Every structure is written in structure tokens, then in C-alpha cells.
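What follows is one structure encoded as C-alpha cells, with my remarks underneath.
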Amino acid sequence: MGSFRVAVEVGPLAGGPFQRLEALVDTGATYTWVPRETLALLGIEPQQKRRFILADGRDVLYDVTWARARIGEQIEPTMVVFGDRGSEPLLGVFTLEGFGLAIDPVQRRLIPAILYGA
């Protein structure tokens, strides 16, 4: 599957301004990763640490918190990871599922997900 980027905006959970990012859609990432400096500019602070296994096999702790995300006109709460300074923003699966979105790898775009119930 080819990689692609989408516009996503993040903002404080309690309200306030959004910051637009061009995020790499990464179905291998559980949460959405945002550079630490971007979250700091928005006044978003870490709430806890969570353990992650990175693609290179390292076992690390990263700060996480809840924030708002906007894709198009839709706004949803989502968990975000405080990425390393200068890191590339990633749009993870938790956020995609929260928005009811899936990926179209051929057209390299987000599409409505088929949702199943019991």
C-alpha cells in the first residue's frame, strides 16, 4: 500500500484554537502522533505515559493525552501522543475508527468505514 497524507487539525479538548497538520495516514500506529512543540503551542499538556513498541523494536514510554481532532467538518475527541520534537505527524487507527473512516489504498484517500454491529 502506498502512503499518503491528509489534513487533520488538533486542538485542546476543552475548546480553543485548532492547528492544521498534514499527517501521514499510518494504519500501523495505534494513536495519532503530534509533534510535542505543536501540542505545547496549543496549551495541551500530557496526562499520562503509555508504553509503545516502535517499528525498530524499541520499547519506549511516551506522553499521551486527549485532544480534539477535526477532519473536514467532523470534530471528535481522540488520544494523541506527544511525538518527538520535529517528528512527522501520524494519523493513527484509533482516530480513524473514532471518525468512522477507513482508507482507500488505491485512490489514497479516506472513505467512510463499513461499520458492523452485533
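The table for this structure:
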| read-out | value |
| --- | --- |
| Qualifying position, being part of a strand (DSSP E or B) and not basic (Lys, Arg), among Ile111, Ile44 | Ile111 |
| Subset of the range 69-99 that is outside any strand (DSSP E or B), surrounded by 13 or more Cβ atoms within 10 Å (Cβ to Cβ) and among the small types (Gly, Ala, Ser) - its residue that is modelled with the lowest pLDDT | Ser87 |
| Qualifying positions in the range 16-27 - in contact (Cβ under 8 Å) with a residue 40 or more places away in the chain, part of a loop (DSSP other than H, G, I, E, B) and over 10 Å from the mean Cα position of the chain (by Cα) | Phe18, Thr27 |
| Checking Glu37 against (1) in contact with a Phe, Trp or Tyr (Cβ under 9 Å, 6 or more places away or on another chain); (2) surrounded by 11 or more Cβ atoms within 10 Å (Cβ to Cβ), the condition it does not meet | (1) |
| Any hit, the range 55-62, residues being touching a residue at least 40 places away in the same chain (Cβ under 8 Å) and surrounded by 13 or more Cβ atoms within 10 Å (Cβ to Cβ) | no |
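The values are calculated or read from the model by the stated rules, or taken from the named source; none is laboratory data. Quick caveat, the model's predicted, so the values are computed rather than measured. Every residue, glycine as well, gets a Cβ built from its backbone with ideal geometry; the counts of neighbours run over all protein chains shown.
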